[in-house]
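Here's the structure, in structure tokens; my notes come after.
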Amino acid sequence: MKDKSGWNKYRHKRKEIEPQDAELVIESLTNAGDGLGRQDQRVVFVPYTLPGDRVRIKITQRKKTYALGSVEEILEPGKDRIEAPCPYFERCGGCDWQHVPYALQLTAKQEQLVDTLTRIGLLQDLPMEDIIPSEREYGYRNRIQGEIRAGSFHYKWRRSDQRIAVDRCAIAEEPINDFLQNTDLTQTVQGRVEIAVVDGEVIVAEINDKNSTELGFRQVNTQISDQLTARLLDRVEQSECQKVIDLYCGRGHWTNHIAGQHSDKQVVGVDSSAENISAARDQAQAMSLSNIQFHQAAVEKTLGKLDIGNSLCIVDPPRAGLDSSVADILIANPCQELLYVSCHPATLARDLKKLTEGGYRIETLVPMDMFPQTAHLECLTHLVRA
């Protein structure tokens, strides 16, 4: 979770309203993590609720078609509500759904994905597999981000710039919690940091102005990440394409792995970060790979210069999805196969709509629960040139 992303939008000046009490019943969960109820034909979003809850809320913002509220009292809990195990839940912004049973979280995510793809992407009857659950509902995160100050580690409150000091994170791997509870944090890196488990060792890395660290990006849930990688590599194995182009390749984890497994294929990695490309090249050199090359450039500026016509392309863009120019190039000069890895169903739906209208066909779509206790969802989509 990036420290800067999404927070500023809650700081814009709004027309203040006098908070008003209301009573309503929560009908469903949203892909933003809130519960959804209705009052006077207006949708109301209420954090930390679930279907069946009858709640008294305070409406804090009112728009034309919706309102935002906060729980004042749970008058009657829904039949599925459970007790959250974390003492910081509802204050810390890391988790949305600790009060929701895990089976219900999975069902909600799959239903929300179908709804998003239908509503935004106008896509129906997709070859979608059942969501792959995480083996760990808690203790799955191999890295966390926050701020160290005054000898304590802090998370942000939900939708706020306020901080809350924590000495344990329920969704973090145990080595991270051991570190938080048994380390003098006044002697570590101060300010915005990432605390990560790397090869069994806990490392504290400073978050720079580009919102990254020397550790680079990697998926937070090792078990689901391994399944994602296995699915992706299996698809590459089955492909007849002799060229694989990994766009947004990061530090070349997939790129180098593919080149090492397929000496008969030409492999290309593209990423805008000089630090990422340097690390990817170092790894390729250490593996003695001769069938790989890396380009340090923005994907939208480089893609048109690459010969992708008979290739398999991998795209793993940020949450904003594909730049419109990237989608345009993929349509104007289509690749043979496209593997799209997404952590944001709404932008995935938007991009799949454009790609399918532009000549691609969806072969499979696999949702994976990379982020239990939150509303976030990872997906792997395999498309082919129609």
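The values are calculated or read from the model by the stated rules, or taken from the named source; none is laboratory data. Worth saying up front: this structure is predicted, and the values here are computed from it rather than measured. A quick note on method: Cβ atoms are made from the backbone with ideal geometry, for glycine too, and the neighbour counts reach across all protein chains shown. To get the accessible areas, we keep the full protein, side chains included, count just its heavy atoms, and leave off ligands, DNA and RNA. Shrake-Rupley method; radii C 1.70, N 1.55, O 1.52, S 1.80 Å.
Tabulated data
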read-out	value
Share, in percent, of DSSP beta bridges within segment 194-302 that are antiparallel, nearest 5	35
Subset of K63/K353; K79/K109; K79/K156; K109/K353; K64/K156; K265/K305 violating a 23 Å alpha-carbon distance limit	K63/K353; K79/K156; K64/K156
Per-q log10 I(q)/I(0), segment 226-329, q = 0.10 Å⁻¹ (Debye; single scatterer per alpha-carbon; no solvent)	-0.25
Segment 153-251 - charge dipole about Cα centre, Lys and Arg +1 at Cβ, Asp and Glu -1, debye rounded to 20	560
Förster-model FRET efficiency, 51 Å R0, M287 and L75, C-beta, rounded to 0.05	0.25
Order of exposure, largest accessible area first, which applies to W97, W157 with probe 1.4 Å	W157, W97
Protein accessible area in segment 240-386, 1.4 Å probe - carbon and sulfur %	47
Per-residue [θ]222 nm for the chain (sum of -39500 (n - 2.57) over DSSP H runs n ≥ 4, rounded to 500)	-7500 deg cm²/dmol
DSSP beta bridges in segment 248-386 [antiparallel fraction, %, rounded to 5]	60
Percent antiparallel among DSSP beta bridges (both partners in the chain, rounded to 5)	70
Net charge contributed by nearby residues that have their C-beta within less than 9 Å of I164 (K/R +1, D/E -1)	+3
Segment 57-124: radius of gyration and largest Cα-Cα distance (Dmax), Å	15.4, 41
The chain, relative contact order in percent, only Cα pairs under 8 angstrom and at least six apart counted	14
Per residue solvent-accessible surface (Å²) - the chain, probe of 1.4 Å	48
Heavy-atom accessible surface of segment 153-236: percent carbon and sulfur, 1.4 Å	45
For V25, net neighbour charge (Lys/Arg +1, Asp/Glu -1) across residues whose Cβ lies under 12 Å away	-1
Rg over Rh, two decimals, segment 318-386 (C-alpha only, Kirkwood Rh)	0.99
Overall Cα dimensions of segment 74-207, principal axis frame, Å, largest first	55, 40, 28
Estimated FRET transfer efficiency (E240, Y102; beta-carbon r; R0 25 Å; 0.05)	0.05
Cα centroid of segment 262-318 to Cα centroid of segment 327-386, whole Å	20
Of (i) 48, 23, 17; (ii) 32, 26, 20; (iii) 37, 27, 18, the label for semi-axes √(5λ) of the Cα gyration tensor in Å derived from the coordinates	(iii)
